[in-house]
Amino acid sequence: MTERISGTPDSIINTKYAQKIGYKQNKLEQSIKPGNYKNLWIAGKSVQFINEIHPVKTIIQKFKTELQKSIPENTFR
């Protein structure tokens, strides 16, 4: 767990970079500066809800289909 990303506890993967910067943020310090967060890997609890893995092409097609269904036919005419 680290407070360094947003100031609230987040689960991260314990990498050498995470160990180097530390996990706690002191009272005078702000969260990690923009750009540095790209070096930390978030390991959130939502991973437990992944039941299947699909190709990106399939996911994009599903989004397109759902979007088309959600827009009334005469919206853009």
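The values are calculated or read from the model by the stated rules, or taken from the named source; none is laboratory data. Small disclaimer: the values here were computed from a predicted structure and weren't measured. We place every Cβ from the backbone using ideal geometry, glycine too, and count neighbours over all the protein chains shown.
Among all residue pairs at least 6 apart or on different chains, which show Cβ distances below 6 Å where the first residue, located in the stretch 7-22, is under 12 Å from I42 (Cβ atoms) and the second is modelled with pLDDT of 80 or more and assigned to a helix (DSSP H, G or I)?
What qualifies is I12/A18.
Can you name the condition, by its number, that Y17 falls short on among (1) modelled with pLDDT of 80 or more; (2) in a loop (DSSP other than H, G, I, E, B); (3) hydroxyl-bearing (S, T, Y)?
(2)
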